1. Given the residues LEU279, LEU203, LEU183, which is the only one that is among the hydrophobic types (A, V, I, L, M, F, W, C) and touching a Leu at 6+ places or on another chain (Cβ under 7 Å)?
2. Can you name the condition, by its number, that HIS113 falls short on among (1) open to solvent by 30 Å² or more (accessible area, probe 1.4 Å); (2) away from ligand 1 (no atom under 16 Å from the Cβ); (3) under 24 Å from ILE326 (Cα atoms)?
3. Test ALA163 against the criterion of being away from ligand 1 (no atom under 15 Å from the Cβ) and in contact with a helix residue (DSSP H, G or I) (Cβ under 6 Å, 6 or more places away or on another chain), and give yes or no.
4. Taking the options GLY47, GLY11, name whichever one is small (Gly, Ala, Ser), open to solvent by less than 20 Å² (accessible area, probe 1.4 Å), touching a helix residue (DSSP H, G or I) at 6+ places or on another chain (Cβ under 6 Å) and more than 16 Å from ligand 2 (Cβ to nearest atom).
5. Looking at the stretch 262-281, which of its residues are assigned to a helix (DSSP H, G or I) and over 29 Å from VAL192 (Cβ atoms)?
6. So how many residues does the stretch 166-189 have that are in contact (Cβ under 8 Å) with a residue 12 or more places away in the chain and open to solvent by 20 Å² or more (accessible area, probe 1.4 Å)?
7. Out of curiosity, is ALA437 open to solvent by less than 20 Å² (accessible area, probe 1.4 Å) and more than 16 Å from ligand 2 (Cβ to nearest atom)?
8. Among SER393, SER473, which is the only one that is farther than 26 Å from ALA275 by Cβ and either of a type in the set (Gly, Ala, Ser) or within 16 Å of ligand 2 (Cβ to nearest atom) (or both)?
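The values are calculated or read from the model by the stated rules, or taken from the named source; none is laboratory data. The structure displayed is predicted, hence computed values, not measured ones. Here Cβ is always computed from backbone atoms with ideal geometry, including for glycine, and neighbour counts include all displayed protein chains. Note: accessible area is taken over every heavy atom of the protein model, side chains too, but ligands, DNA and RNA are not part of it. Shrake-Rupley method; radii C 1.70, N 1.55, O 1.52, S 1.80 Å.
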Amino acid sequence: MTLERFRDVDGFLEKAGEVSERLRKLIDEDKPFLILCHNDADGLSSGAIASVMLLRENARFVTRSVKSIEGVLESLKDLPEEYSVILTDIGSGYLDELSSLGRKEPIIILDHHEPLGSASENVIQLNPHDYGINGADEISGAGVTYLAAKALNEENVRLSPIAVIGALGDLQDRADGRRLHGLNELIVGDAVENGLMKVEEDLLFYGRSYKPLHVALASTTNPFIVGISGNEAHAYSLLTSIGIRVKEDDRWRVLSELSEDEKKALYNGIMKYLASLGLPPSIAKELIGKVYELVREEPWTYLRDAREFASLLNACGKTGNEWLGIAIAMGSRGGLLDEAQRVLEEYRRKMAEAMEYAMKEENRQELNSVLVIDGGNIIDDRLISSVASMLASTGVQGEDKVLVALTQSEDSIKVSARAPKKLVDAGLNLGKVLSKAAQLVGGRGGGHDVAAGANIPKTKKALFLLEIDRIISEEVQGLEKR
Ligand code: C5P
Ligand code: ZN
């Protein structure tokens, strides 16, 4: 971009203060609240933060998670007029619809999606984009909610790790070296300063401190290593072929006990393996990064590593167990945690099946600017977003194509799209593309520059794909000319 983007962090934090004053007034008036949060990991984190925030103030509230804006509108249809509404990680893309409801009490939107439309007086929005801050990777919905909560009551600084989890759930660790940056870094700072988090650099294997090495490697799905992710036997062979000892006497070794030299050898071995498959070695780079460790959580649980905590929440959200995710993020443990861990294992099994289907040649279609992955009616519509993210992390779409994954839900087609870094850096905004293409076929879409989604009518698949391919091709040509 030729123009330096204006960036007003102070203005954004000031607005967080104003929103918190409005909240304070409503709480003081003993108004009831309905919190509606998005149902992905970031959404559940943000819903948990908003819930703890109101709980701490002894306010009256109900929390519910929603899949999409339709869920929001449905929930508001019969909501008594005295309720104020807090939308977290959802809402900014639908300002006109929300404003036209003409509710008596305010709708407070704490979101990081690109705002679309205009807000009426009673629709109050805290959104980083209004201040030149990129909501795609500088702050999450949970982060926005956290900053409002912290402005309301300094004690909410204890929720900073949940905001970090939300950011990781939305895959915002996109600065070099799998690091959070922008306002997210400020939130990480809050967590570290308050003795809630430790940040260090390592290989980002799933279960790095408690799973046997080959199991940890096979459990790693971001990046998804074709042939290794989801396959313990292949992971085992790869490790031994690199010359890494997998056992110490009779005990399985874990990643965190490998020496630096062993880790280097492992990393180089994975790079060579990827090259042998013709995949970009840059995928291996995604394996090294910052580990965000929640030091107050029990070791050996899925909650100690913020990325694993996020995948636990994601699993809850994608399997109809949103309440469980919100409860865990609010601090519940014990039996509920056992339950959530079962949900996670089951989810990982289903994802492995979905990925196997999605990777088959016959379910793939290459257009000019788009690689289409068609989940038919086989892939559960609640999994398609994770399938899209995982597939994009394999590098299969190359550097010049957008990955579009779609699958049939009960009454529509759910679309999830991911743009390669090169196109985003050149200025492509996938959220706008999806919004436009979906509208052309009578659907609804939106999202971020790098990750966006849509719902379209069942009969409009072919037309939608033609339109999205055309729009992206035109946009890319325009970008090249700039
Ligand atoms: O569903 P998926 O994860 O692919 O969506 C990517 C992003 O696009 C999410 O942040 C989601 O909130 C947003 N989205 C949207 N409108 C839709 C579908 C997705 O704003 N209809
Ligand atoms: Zn989000």
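1. On the way: LEU279 fails: touching a Leu at 6+ places or on another chain (Cβ under 7 Å); LEU183 fails: touching a Leu at 6+ places or on another chain (Cβ under 7 Å).
None of the others qualify; the one that does is LEU203.
2. (2)
3. Details: away from ligand 1 (no atom under 15 Å from the Cβ): yes; in contact with a helix residue (DSSP H, G or I) (Cβ under 6 Å, 6 or more places away or on another chain): yes.
When the stated conditions are applied, ALA163 passes them.
4. Numbers: GLY47 fails: more than 16 Å from ligand 2 (Cβ to nearest atom).
After ruling out the rest, the residue left standing is GLY11.
5. Residues of the stretch 262-281 assigned to a helix (DSSP H, G or I): 262-276.
Matches in the stretch 262-281: ALA265, ASN268, GLY269, ILE270, MET271, LYS272, TYR273, LEU274, ALA275, SER276.
6. Of the residues in the stretch 166-189, the ones in contact (Cβ under 8 Å) with a residue 12 or more places away in the chain are 166-175, 177-184, 187-188.
Still in the list and also open to solvent by 20 Å² or more (accessible area, probe 1.4 Å): 169-171, 174, 177, 179, 181-182.
So the count comes out to 8.
7. On the way: open to solvent by less than 20 Å² (accessible area, probe 1.4 Å): yes; more than 16 Å from ligand 2 (Cβ to nearest atom): yes.
Yes: the conditions hold for ALA437.
8. Numbers: SER393 fails: farther than 26 Å from ALA275 by Cβ.
Residue meeting the stated conditions: SER473.
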